[in-house]
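Structure, as structure tokens:
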Amino acid sequence: MEQNFLSQYQIFLKKGSVDLATAELVHVSFVNGNVELDEEVILFHLQQCAEKFMKALLDFNRVSITRTHDLYLLAEKLEDAHIAIPFDFEPLLRLNQFAVDGRYSVIPDTLKNIEEIISLLNDFERYLKEIFS
């Protein structure tokens, strides 16, 4: 019986896609008035998605990845390796503060463009699926 194993970059993509789907579901519930939720939960999952998608792209290109949640460091690694992304991912870097702080405290300067971030991450996901196939 043949077993199919996922590569690390495929695992990052899969896990990032789950974070994106979770953020989208929570966002819809939040917008529809669920007062038990807050924006930091949504932004945490979006940060996790961005992190995993960046790590997937680095791993796919055989760039060593250290254990980090720092989106700026990951973006620097992408730039140093001359790995281009066909859209402006600069807005994603603003998610950096939600990696840890957003889980444990209220961050007063929450991003007001969650829909834009979700759209960018959907573009990133489609791009990764295209190049990984």
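The values are calculated or read from the model by the stated rules, or taken from the named source; none is laboratory data. Note that the structure is predicted; figures quoted are calculated from it, not measured. Don't worry about glycine lacking a Cβ; one is built from the backbone with ideal geometry, like all the others, and counts go over all protein chains shown.
What to note about this one:
- Selection count, segment 1-15, where residues are within 21 Å of ILE85 (Cα to Cα) and surrounded by fewer than 19 Cβ atoms within 10 Å (Cβ to Cβ): 6
- When VAL41, VAL18, VAL26, VAL35 are screened for being hydrophobic (A, V, I, L, M, F, W, C), at pLDDT below 90, in a helix (DSSP H, G or I) and surrounded by fewer than 22 Cβ atoms within 10 Å (Cβ to Cβ), only VAL41 passes.
- Listed conditions (1) at pLDDT 90 or above; (2) charged (D, E, K, R); (3) in contact with a helix residue (DSSP H, G or I) (Cβ under 8 Å, 6 or more places away or on another chain) are all met by ARG103, apart from (1).
- Residue satisfying all of: in segment 44-62; within 8 Å of the chain's Cα centre (by Cα) and farther than 15 Å from ILE131 by Cβ; surrounded by the fewest Cβ atoms within 10 Å (Cβ to Cβ) among these: GLN48
- Complete set of residues in segment 44-103 that are part of a helix (DSSP H, G or I) and either in contact (Cβ under 8 Å) with a residue 60 or more places away in the chain or among the hydroxyl-bearing types (Ser, Thr, Tyr) (or both): LEU46, CYS49, ALA50, PHE53, ALA56, LEU57, PHE60, TYR72, GLY102, ARG103
- Of all residues in segment 111-133, those that are farther than 15 Å from HIS45 by Cα have Cβ atoms under 6 Å from Cβ atoms of residues that are small (Gly, Ala, Ser) and at pLDDT 95 or above, 6 or more apart or on another chain, in LEU128/ALA56.
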